[in-house]
1. Among the residues of the stretch 53-64, are any under 21 Å from Lys9 (Cα atoms) and either at pLDDT 80 or above or loosely packed, with under 10 Cβ neighbours inside 10 Å (or both)?
2. Which one is surrounded by the fewest Cβ atoms within 10 Å (Cβ to Cβ), of the residues in the stretch 73-94 that are closer than 17 Å to Leu7 by Cβ and free of Cβ contacts under 8 Å to residues at least 60 places away in the same chain?
Amino acid sequence: MSKYNKLIKAGNKAQIEKMEENSHKDEFQKRWNNFPIDISIYHMKRNMKKLIETEFEMKPNDDKIYYEILRMKAANIANYAHMIILKCDKMIQS
């Protein structure tokens with residue numbers, strides 16, 4: 001598992017940063033755990049579209065801001081993916 005640690009550590013760090021960035025959205029925070037899987041998938045797909053649009057509009061370059069924006073958009077997608085995983089785990093265990 002150690003070969004995955006760097007990947008997981010970087011992903012988790014970005015995901016937590018994104019959740020904390022959105023912490024002002026209290027209503028969402030209260031409800032996300034109860035989202036049906038299809039709603040989480042919808043939000044994940046919507047955020048994937050935003051990531052693609054950002055990449056298309058900004059064009060890859062060496063600008064740190066470009067990578068910071070992509071990083072947060074990817075973290076948001078990962079957060080929705082984890083919501084889906086958590087819901088699936090609950091359904092599998094029930």
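The values are calculated or read from the model by the stated rules, or taken from the named source; none is laboratory data. Fair warning: this is a prediction, and the values are worked out from it, not measured in the lab. Cβ sites come from the backbone with ideal geometry, for glycine too, and all protein chains shown count toward neighbours.
1. To start, the set of residues in the stretch 53-64 that are under 21 Å from Lys9 (Cα atoms) comprises 64.
With either at pLDDT 80 or above or loosely packed, with under 10 Cβ neighbours inside 10 Å (or both) added as a condition, the list becomes 64.
Scanning the stretch 53-64 turns up at least one residue that is under 21 Å from Lys9 (Cα atoms) and either at pLDDT 80 or above or loosely packed, with under 10 Cβ neighbours inside 10 Å (or both).
2. So the first thing to find is which residues in the stretch 73-94 are closer than 17 Å to Leu7 by Cβ, and the list is 74-75, 77-79, 81-82, 85.
Going one step further and asking which of them are free of Cβ contacts under 8 Å to residues at least 60 places away in the same chain, we end up with 77, 81, 85.
Numbers: Ile77: 20, Ala81: 15, Ile85: 11.
If we take residues in the stretch 73-94 being closer than 17 Å to Leu7 by Cβ and free of Cβ contacts under 8 Å to residues at least 60 places away in the same chain, then Ile85 is surrounded by the fewest Cβ atoms within 10 Å (Cβ to Cβ).
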